[in-house]
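K.L.:
After the structure tokens below, expect a handful of questions from me.
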Amino acid sequence: MKFIIEDRVFETLNDMCVAVIIAKGINNQNKINDISIMLKESISNAEKEFENIKVKESEYIKCYRDAFQKLNINPNKFMCSIEALLTRISKKKGMPEINSVVDLVNAVSIKYKLPMGAHDLDSMNNEDFYIRYSVDADTFLPFGETETEKVDNNELVYAVAHDIRTRRWIWRQSEYGKITENSSNIIFPIDAFIGINDDKAIKARDELAELLAKFFNCDIKTGIIDSKNNYIEF
């Protein structure tokens, strides 16, 4: 299997990169108290940092809003995942604990102010995983829903075959491939930009990889993909 960024994506987002973690052999059945503590600390720190700052005007978010505009996605209507998460936290709404893996990813994502996804590899049925532009046959099953919806043509998406795993690039993940207590093999993408926040993405990747190995005793592979090397094999 490969995780691939379609070459055409770089015509619009030439400095885009994705730091990647592939973790195999996870046991996500148990609640891990240390992860709950980490998540609470990340939320508390973010609440303080954004107490008098609008999230959408912060330096962490500007590059993603600019990218959305290049992709003809209205960033006010469709906030990228990390902007939506930090906005919720800045309003003191907190966030629920879901399961240990998801809580850990959220803790690191909030700490570094980076959009970080998590996708179940076993749900991909040995198909390659793409960041690409959508086509007519693509469908999306919104998180928590039971009916699929059509996807706009030429929308930047995460996809496996014709199943869209994240719409509007890093806006909203699908019910397909969501992380549950039964997920054991997972890919974690961290979207960033070379020369802007790629260094932070690598730090976040390495920290998450270390924590996954510590808490779940799983096998880890890391990498980064960009315009010069647009795929990773696993």
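The values are calculated or read from the model by the stated rules, or taken from the named source; none is laboratory data. Quick caveat, the model's predicted, so the values are computed rather than measured. Please note: Cβ atoms are built from the backbone with ideal geometry, for glycine as well, and neighbour counts cover all protein chains shown.
K.L.:
Going through the range 25-72 one residue at a time, which ones are in contact with a strand residue (DSSP E or B) (Cβ under 9 Å, 6 or more places away or on another chain), surrounded by 15 or more Cβ atoms within 10 Å (Cβ to Cβ) and not aromatic (Phe, Trp, Tyr)?
P.N.:
26, 28, 63, 67, 71 - these are the residues of the range 25-72 that are in contact with a strand residue (DSSP E or B) (Cβ under 9 Å, 6 or more places away or on another chain), surrounded by 15 or more Cβ atoms within 10 Å (Cβ to Cβ) and not aromatic (Phe, Trp, Tyr).
K.L.:
Does residue 187 satisfy the criteria of being touching a residue at least 12 places away in the same chain (Cβ under 8 Å), of a type outside the set (Gly, Ala, Ser) and over 18 Å from residue 68 (Cβ atoms)?
P.N.:
Criteria met by residue 187.
K.L.:
Of all helices (runs of 4 or more DSSP H) completely enclosed by the range 24-116, which ones contain at least 1 residues that are within 30 Å of residue 154 (Cα to Cα), touching a helix residue (DSSP H, G or I) at 6+ places or on another chain (Cβ under 9 Å) and among the hydrophobic types (A, V, I, L, M, F, W, C)?
P.N.:
It comes to 59-70, 81-90, 100-112.
K.L.:
Would you pick out the residues in the range 153-200 that are under 11 Å from the mean Cα position of the chain (by Cα) and of a type in the set (A, V, I, L, M, F, W, C)?
P.N.:
Selection gives 169, 170, 171, 187, 188, 190, 192.
K.L.:
Within the range 194-203, can you find the residues that are hydrophobic (A, V, I, L, M, F, W, C) and out of contact with any strand residue (DSSP E or B) (no Cβ under 6 Å at 6 or more places or on another chain)?
P.N.:
196
K.L.:
Name the pairs whose Cβ atoms lie under 7 Å apart, with the first residue in the range 148-162 and within 13 Å of residue 172 (Cα to Cα) and small (Gly, Ala, Ser), the second modelled with pLDDT of 95 or more and not in a strand (DSSP E or B), and 6 or more positions between them or separate chains?
P.N.:
159/138
Quick grid of which residues meet (1) buried (at least 21 other Cβ atoms within 10 Å of the Cβ); (2) within 26 Å of residue 98 (Cα to Cα):
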position: 133; (1), (2): no, no
position: 138; (1), (2): yes, no
position: 148; (1), (2): no, yes
position: 158; (1), (2): yes, yes
position: 167; (1), (2): yes, yes
position: 170; (1), (2): yes, yes
position: 174; (1), (2): yes, yes
position: 189; (1), (2): yes, yes
position: 193; (1), (2): no, no
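K.L.:
All but one of (1) at pLDDT 95 or above; (2) farther than 21 Å from residue 191 by Cβ hold for residue 51; state the number of the condition that does not hold.
P.N.:
If we test residue 51 against (1) at pLDDT 95 or above; (2) farther than 21 Å from residue 191 by Cβ, just (1) comes out false.
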